[in-house]
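Throughout, read-outs are computed from the coordinates displayed, never taken from laboratory work. Keep in mind that this is a model prediction, so the values were computed, not measured. Don't worry about glycine lacking a Cβ; one is built from the backbone with ideal geometry, like all the others, and counts go over all protein chains shown.
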Amino acid sequence: MKKALALILALVMCLSLSAVAFADDEGSVYWLNFKPESDEVLQQIAAMYTEETGVEVKVVTAASGTYSQTLNSEMDKSDPPTLFVIGNTAGVRDWKDYALDLTGTPIAEELNTDAYNLYDEDGRLVSIGYCYECYGIIVNPDLVEAAGHTMDEITNFESLKAVAEDIHARADELGFDAFTSNDMDSSSSWRYTGHMANLEYYYEEQDGGATWTECPPELTGAYMDNFKALYDLCVDNSLVARNELATGGHDAENEFKTGQAAFFVQGSWEYPAVAESVPNATMIPYYCGVEGEEKAGLNCGTENCWAINSKASEADQQATMDFMVWCVTDPEASRMLVDSFGVMPYKQAAESTNGFLAAAEAYAADGCYTMDWATNYQPNVDEYRATLVAAMNQYNADPSDANWDMVKTAFVDGWAAQYAAVNG
């Protein structure tokens, strides 16, 4: 009897060990998410996949503006991310050794464009876009019309300025202002130091005759006056005074959704959040006074590019690859992701319902030029933007010519300094 019991226990232990081994061979997924606004959907997606396949999927979302620090911290742990973001050339430089070459892989075969992929200097496909986005100025047409204007009036900076300044001057009478708040804390400053800054980079890039393919060592600052014109328009015709922006604490999204302001500097990822309250919200370009901007379109691109951790086990790499393919091919999963992300550049993914991306396509169809994301080339991006934020906060506290010169120095000389710090 004892021998029989021992044999049974031994058999149970063998089966248990086999199950553990099988589970280990199956691999698991750890996605370090770059998009805080999509966290709820991604948690649902992870649970769906685990229920369907039995494969564990963990999603951890970095707080806004902290992805680089979070990635560094998580990669040092014993259970690092298997799926993470390399979204620009600086990221390629820093993380290429941790990125599996995705050339010819099942997920790469599902792409419908190569436009949002990133390669290292050896031609390795280190990350692929899982969604692309657009940014500009979100508008509530109903409020524009309530102020006695039409959307057709706004075709360049001069006309945008006229409408915004009129609304701001009559804010008490109208019951709403021109622009939402423009906070410069870490949860919001990227709208200006990353996104709006792109107008200067883009027009410089075009002066050079070709789209950048690598980070230039320096800028001319030729379009700093245009950047200043649009930035000043936003902060001087807003719900919140410019000298109150440094510490943040305002909710620009809610201000727009509740009809407190007609204009909101943001991107296509905001569409799900604002469309319910402002169903006919649209997006207009960064009009800033450059010649011919009547044919400007929106800023389109991405920093949302998937990379698979080359240091992960083969089982985890395979599990991660399988999960990625499922995300872009499963009808229900891709529908949920597209509704959150806006659009996914994959053959079998659900079609986009994002009105701001539809606006980007409409501008392009009308012969307008698309402003690519030259901002992705910012060198030593966190340090560069931090210096720019400090200078802009000083300028907001005292908008003097001398303080604007400090902004220009941080913007232009800061670029060269950070390029040298990275490249020697």
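In this structure, residue 94 and residue 162 have a Cβ-Cβ separation that, at R0 = 45 Å, corresponds to a calculated FRET efficiency of about 0.50. Between the helical axis of 39-53 and the longest alpha-carbon principal axis of the chain there is an angle of about 20 degrees.
Under the combined filter of DSSP loop state and at most 11 neighbouring Cβ atoms within 10 Å, segment 172-217 retains these GluC sites (Glu not before Pro): 214.
Roughly how many whole Å is it from the C-alpha centroid of segment 190-237 to that of segment 337-408? With segment 190-237 and segment 337-408 each reduced to a Cα centre, they are spaced 10 Å.
For the chain, the antiparallel share of DSSP beta bridges with both residues in that region comes to about 60%. Residue order for 294, 276, fewest other beta carbons within 10 angstrom first, comes to 276, 294. Projecting the Cα atoms of 252, 229, 331 onto the dipole axis of the chain, where Lys and Arg carry +1 and Asp and Glu carry -1 at the beta carbon, places 331 farthest toward the positive end. The magnitude of the dipole of segment 323-424, with charges of +1 and -1 set on the Cβ of Lys/Arg and Asp/Glu and taken from the Cα centre, is near 180 debye. Return the Rg/Rh ratio of segment 270-371 with Cα-based radii and a Kirkwood Rh. Ratio of gyration radius to Kirkwood radius for segment 270-371: 1.09. Of the GluC sites (Glu not before Pro) found in segment 31-136, the ones in coil according to DSSP and having at most 13 other Cβ atoms within 10 Å of their Cβ are 121.
Near residue 417: Cβ cut-off under 10 Å, other residues only, Lys/Arg at +1 and Asp/Glu at -1. The net charge is -3. In this structure the amide hydrogen of residue 61, modeled in the peptide plane, comes within under 5 Å of the amide hydrogens of 33, none closer than 5 places in sequence on its chain.
Return one number: the angle in degrees, 0 to 90 and rounded to the nearest 10, between the long axis of the Cα atoms of helix 224-236 and the longest principal axis of the Cα atoms of the chain. Helix 224-236 and the main axis of the chain meet at about 90 degrees. If the chain linking residue 150 and residue 421 were pulled fully straight, counting 0.36 nm for each residue of separation and taking away their Cα-Cα distance, it would gain 92.7 nm. Counting Lys +1, Arg +1, Asp -1, Glu -1, what net charge surrounds residue 264 among other residues with beta carbon under 10 Å of its beta carbon? Once positives and negatives cancel, what remains is -1. Relative to the longest principal axis of the Cα atoms of the chain, the long axis of helix 198-207 makes an angle of roughly 80 degrees.
Taking Lys and Arg as +1 and Asp and Glu as -1, the other residues whose beta-carbon sits under 13 Å from that of residue 375 total -4. If you average the sequence gap of Cα pairs under 8 Å that are 6 or more apart and divide by the length of the chain, what percent do you get for the contact order? Contact order relative to length: 24 percent.
Along segment 73-80 the Karplus relation, 6.51 cos²θ - 1.76 cosθ + 1.60 evaluated at θ = phi - 60°, assigns HN-Hα couplings of 5, 5, 5, 7, 8, 6, 10, x Hz to successive residues, with x for each Gly and Pro. Between residue 48 and residue 79, the FRET efficiency from the beta-carbon distance, with R0 = 25 Å, is close to 0.65.
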